[in-house]
Every structure is written in structure tokens, then in C-alpha cells.
Amino acid sequence: MFCFQCQETAKNQGCTIKGMCGKEGSTADLQDLLIYNLKGIAVIASKAGAAGLQVPEKTGLFMAQALFTTITNANFNDEDIINWINQAQSVKKELFESVKGRIGSELHESATWYSNDVAGFKAKAASVGVLATAHEDVRSLRELLILGLKGISAYADHAAVLGVTKPEIWNFLYDGLASTTKDLSVDEMVGLVLKAGEVAVTTMAALDSANTTAYGNPEITEVNIGVGTNPGILISGHDLKDMEELLKQTQGTGVDVYTHGEMLPANYYPAFKKYSHLKGNYGGSWWHQNEDFETFNGPVLMTTNCIIPMKSKNTYLNRLFTTGVVSYPGAVHVPDRVIGKAKDFSRIVALAKTCKAPEELETGKIVGGFAHNQVLALADKVVAAVKSGAIKRFVVMAGCDGRQKGRNYFTEVAEALPRMPSS
Ligand code: SF4
């Protein structure tokens with residue numbers, strides 16, 4: 001394996017034996033092969049687009065979801081990645097059959113490579129990973145672009161779940177990924193990386209619009225961090241549609257819902273605040289989940305990143321559920337929704353009813369919800385406070401601490417900020 005896609009990578013260079021995140025070498029290799037097949041789809045789709053042919057919307061969505069499943073802390077399940085590879089080969093074949101004869105015959109090998117078995121996958125995976133590009137600068141630029149495409153894919157998938165899609169996003173996924181199979185100049189590769197930034201902003205705007213149209217603008221909110229006496233379901237990840245459907249399916253059941261880690265912002269949306277059984281947020285950030293999930297006592301639903309491997313002392317596997325692009329060996333996976341219907345969370349609700357209430361970790365409230373619309377709504381008050389001298393400086397902190405020692409930069413900065421003299 002060779003994976004250097006996240007800030008936890010070994011020695012800040014690359015994980016080569018097992019991921020610092022816990023990802024096995026076999027999983028990393030299969031993810032490489034999945035991306036190789038996605039490159040093949042991209043090569044065909046990009047050529048089809050250049051020839052003026054229509055590529056089905058479902059191909060773009062598949063591409064986004066498949067890239068999304070390869071991001072850090074989303075999928076640790078070899079069996080599931082094999083399933084994604086098989087699907088990618090089917091998508092590739094179907095697309096090729098629909099455009100063959102009209103896109104020329106010179107196709108990168110990734111567009112024509114197929115295998116029927118896992119042994120074939122493993123053999124091929126060994127030669128198509130990150131290090132298959134020998135030149136370090138070319139490799140860096142190609143992989144930087146692929147990382148950008150993965151981020152765009154995550155946002156695009158979330159927007160698509162809420163019914164917002166943009167053909168230009170799918171087209172850039174095709175053209176961007178296809179470009180990594182070509183010998184391009186440094187200027188061309190840098191241009192594509194910059195374009196990825198531009199498309200990421202377009203995609204974030206689409207997602208922001210999808211979220212706020214569906215659930216309202218986030219508001220400044222005090223979020224309870226204590227626990228109630230009912231059993232609960234803990235939900236993490238970023239999928240707000242899953243949050244909505246879980247809240248509806250737990251209403252009136254005597255089961256409360258708590259957010260964890262990535263799902264904390266759900267507490268700020270007006271559409272979710274109306275549910276009295278949304279009790280608040282439980283535990284710390286994603287990397288505290290081994291401890292937090294243990295003491296939560298009830299079922300845990302991971303809708304997207306970040307799931308981390310369990311430790312041997314952990315006992316919550318029989319309470320762990322995944323959905324969407326997330327998968328973990330031994331956890332029950334809630335299937336995708338059928339068009340026009342909600343996902344079925346009844347198994348999670350039934351299990352919750354048999355569980356003890358969460359163990360209290362802390363009490364009180366935290367404040368969040370400072371989204372752009374809310375900040376702008378307060379702009380006149382902020383400007384007045386600056387003019388009166390009540391606000392003397394702004395400190396912007398964008399980012400979060402990592403889990404390794406020495407990666408608590410943001411905490412250190414916050415603690416080192418000068419105290420305002422009391423007036
Ligand atoms: S995703 Fe995992 S394997 Fe890849 S660089 Fe990060 S820690 Fe290493």
C-alpha cells in the first residue's frame with residue numbers, strides 16, 4: 001500500500017504498511033483499484049462529452065459516491081470496496097457500449113481493463129496505486145487533483161441527496177480524473193488543480209443552497225451536552241437527509257436522538273430544532289468515538305466520515321450501523337433509499353428501545369450556529385460594537401486539532417490569546 005491522502009499519514013510522508021487511521025493495506029490497494037476503474041469511466045465520459053454525446057446523470061452520481069467512499073475514515077470494509085469495483089466495471093461497460101465507435105479507439109488502459117475475480121483485482125491493484133506515477137512532481141499534481149475531486153464528490157453527493165445536481169460538476173469529475181491518465185505539462189496540471197478549487201466553491205454553494213432550502217438557515221443555538229433518561233440513538237457524519245428521516249422515525253417512540261462529531265451542526269437548523277427528542281450533542285470530536293460510543297449505550301449510526309476502527313476493548317460493534325458510502329466490517333449497513341421512500345431505520349429504533357440511557361459525560365450547553373446568513377443578520381450590531389469600541393479585534397480560527405500529540409495547535413492558539421481587560 002501507499003496512501004498519503006490525509007494529515008495523519010505516517011512520518012508526514014505516506015502510510016506503507018498499515019494506515020495510521022487503521023486502514024489495512026488490502027483496503028488501501030482495493031481503493032486504488034476502484035479509483036483506477038473510475039479513471040476508466042472518466043476517460044470514456046470525458047471523450048463522450050468532447051464528442052457532444054450525453055453521459056447519463058446516474059454516471060456522475062456514481063462517480064461522486066465511489067470517490068467519496070475512498071476518503072479518509074469512511075470505508076474500512078474490503079468486501080464493500082470489492083462491491084464498488086464490480087459496480088464501477090458495470091458502469092464502465094454500460095457507458096462504453098453506449099458510445100463506442102463515436103469516441104475513437106485510443107483509450108487509456110483503465111477504460112478497457114476488466115477482471116471477474118478478487119484475485120484479478122489484487123494482482124492489478126499492485127500496479128495502479130499512487131506510486132505508479134514515477135515522477136514525483138507529476139505524481140504530486142495528479143494526486144492533489146484527485147484529492148480535490150474527492151472533496152468535490154463528497155459535497156456533490158450531499159447536494160444530490162437533497163435533489164440538487166449540476167452537470168458541470170460531473171463533467172469536471174470526468175475531465176479531471178481523465179487528465180490524470182495523460183502526459184500533461186506542469187502548467188496544464190496546475191491549471192486543473194486551480195480549476196478544482198473553483199468547482200469546489202460552486203459545489204459548496206450548491207450544497208449550501210440545498211441544505212438551507214430543505215432545513216432553513218442555521219441559527220445561533222445553545223446545544224445541550226448532557227443526557228436524558230430515555231435510551232438514545234447517536235448519529236454522526238454529515239448527511240442531513242438521514243438526520244431528518246431518523247428524527248421522523250423516532251418521534252413518539254420514547255427514543256431520543258443525539259448528535260456526535262460531524263453531525264453537531266444539525267442542532268443549528270430550524271427544521272431539526274423543532275423535534276423535542278433531539279436532545280443535543282454527546283461526547284467529543286470524531287477521534288473520541290471509541291470511548292464515547294462505548295458509554296453511549298445505544299445504537300450509533302454513521303452516515304458519512306468519520307468512522308474509526310474499534311479497539312479490542314470496545315464492545316459496541318453490535319450497536320454500530322453504517323449507511324451511504326460508509327462501511328465497516330461486522331456493522332449492519334442500512335440500505336439506500338428507494339426512490340420516493342425514506343431509508344428504513346426501524347432496526348436501529350427497535351434496538352435502541354432495548355438499550356440503557358446514555359451515561360452522562362458532561363452537563364451544560366455549547367453555543368454554535370454562526371453560519372453566514374446568521375452573521376450577516378447581525379452585521380449592523382457588530383459594526384456598531386466595533387464603532388463604539390466594544391469589539392476591538394477579531395480572531396479567525398479556521399481548522400481543528402488533530403488527534404496526535406503536537407496537533408493541538410488550535411487549542412494552544414485559543415489559550416494564548418490575550419485576555420480582554422474587563423471594563
Ligand atoms: S487515509 Fe489512512 S492510510 Fe491514508 S494517509 Fe491517512 S492515515 Fe494513512
Any pair with Cβ under 7 angstrom, 6 or more apart, that starts in the stretch 112-134 at a residue that is in contact (Cβ under 8 Å) with a residue 12 or more places away in the chain and ends at one that is among the polar types (S, T, N, Q): Tyr114/Gln89; Phe121/Ser115; Lys124/Ser115
Filter result for Lys313 (basic (Lys, Arg), exposed (fewer than 13 other Cβ atoms within 10 Å of the Cβ) and on the phi < 0 side of the Ramachandran plot): yes
Flag for Phe62 being crowded, with 23+ Cβ neighbours inside 10 Å and in contact with a helix residue (DSSP H, G or I) (Cβ under 8 Å, 6 or more places away or on another chain): no
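Each row is one residue, and each column tells you yes or no for (1) buried (at least 16 other Cβ atoms within 10 Å of the Cβ); (2) part of a loop (DSSP other than H, G, I, E, B); (3) aliphatic (A, V, I, L, M).
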{"position": "Met1", "(1), (2), (3)": "yes, yes, yes"}
{"position": "Ile17", "(1), (2), (3)": "no, yes, yes"}
{"position": "Asp32", "(1), (2), (3)": "yes, no, no"}
{"position": "Leu38", "(1), (2), (3)": "yes, no, yes"}
The lone exception for Thr165 - which of (1) part of a helix (DSSP H, G or I); (2) under 20 Å from Leu61 (Cα atoms) it fails: (1)
Identity of the residue in the stretch 27-50, under 21 Å from the mean Cα position of the chain (by Cα) and among the polar types (S, T, N, Q), that ends up farthest from the ligand (Cβ to nearest atom): Asn37
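Specify which of the listed residues (Gly14, Gly19) is within 13 Å of Asn75 (Cβ to Cβ) and near the ligand (Cβ under 7 Å from one of its atoms).
On the way: Gly14 fails: within 13 Å of Asn75 (Cβ to Cβ).
So the residue among Gly14, Gly19 that is within 13 Å of Asn75 (Cβ to Cβ) and near the ligand (Cβ under 7 Å from one of its atoms) is Gly19.
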Of all residues making up the stretch 267-286, the number that are touching an Asp or Glu at 6+ places or on another chain (Cβ under 9 Å) and more than 16 Å from Val227 (Cβ to Cβ): 8
Qualifying residue in the stretch 382-392 (condition: closer than 25 Å to Trp286 by Cα and in contact (Cβ under 8 Å) with a residue 12 or more places away in the chain): no
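We did not get these values from a lab; they are worked out from the coordinates using the rules stated. From a predicted model like this one, the values you see are computed outputs, not experimental measurements. Glycine also receives a Cβ, built like all others from the backbone with ideal geometry; neighbour counts cover every protein chain displayed.
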